[in-house]
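*Asks:* Here's a structure for you.
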Amino acid sequence: MAAQGNVTPISERVRLVIALTQINSDHLRGKSRVAGVEIELEGALAASPPEARTSQQCLDIEMLRERLHDANESIRALEERRARLTAALADVEAALRRESR
């Protein structure tokens, strides 16, 4: 058994799998958030033609567009983090395979 404070490849693998599981969960929540905002935005856009919108409706639409942008950016960041963790996991698994030979 490794001394406390030393990271073994197996404990690192477990840490990475846990982190990837959390990212996948966050990604699903983010996708749901995007879908919800898209539905809200479509409804707001369909509620009235652009020339008939009040200033409040225009403000609401702009806010929804910002929320959609932010939600998509959040998903993009999660996907980047997931890619880094997936690569790290592949490295750890390769090290484990080398050790088992």
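*Asks:* Between N24 and A94, take the C-beta separation as r, use R0 = 30 Å, and let me know the FRET efficiency to the nearest 0.05.
*Replies:* 0.85
*Asks:* Angle, helix 55-99 long axis vs. longest principal axis of the chain, Cα atoms, 0 to 90°, nearest 10?
*Replies:* In the chain, helix 55-99 runs at an angle near 10 degrees to the longest axis.
*Asks:* Neighbour counts of other C-beta atoms within 10 Å: give me T8, T21 arranged from fewest to most.
*Replies:* T21, T8
*Asks:* Right, something else. Report, in degrees rounded to the nearest 10, the 0 to 90 angle that the Cα long axis of helix 9-47 makes with the longest principal axis of the chain.
*Replies:* Result, in degrees: 10.
*Asks:* If the viscosity is 0.692 mPa s and the temperature 37 °C, what translational diffusion coefficient in µm²/s does Stokes-Einstein give for the chain when Rh comes from Kirkwood over Cα pairs?
*Replies:* 196 µm²/s
*Asks:* Still on this structure: Looking at the chain as a GNM with Cα springs under 10 Å, which of E62, E80, E51 has the largest mean-square fluctuation?
*Replies:* Among E62, E80, E51, the largest GNM mean-square fluctuation belongs to E51.
*Asks:* Next up: Report the one residue of T86, L28, S55 whose Cα lies farthest in the direction of the positive end of the charge dipole of segment 9-96 (charges on C-beta: Lys and Arg +1, Asp and Glu -1; origin at the Cα centre).
*Replies:* The residue sitting most towards the positive pole is T86.
Just so you know, all these numbers are worked out from the coordinates, no wet-lab data involved. Note that the structure is predicted; figures quoted are calculated from it, not measured. Neighbour counts run over all protein chains shown; Cβ positions are idealised from the backbone, glycine included.
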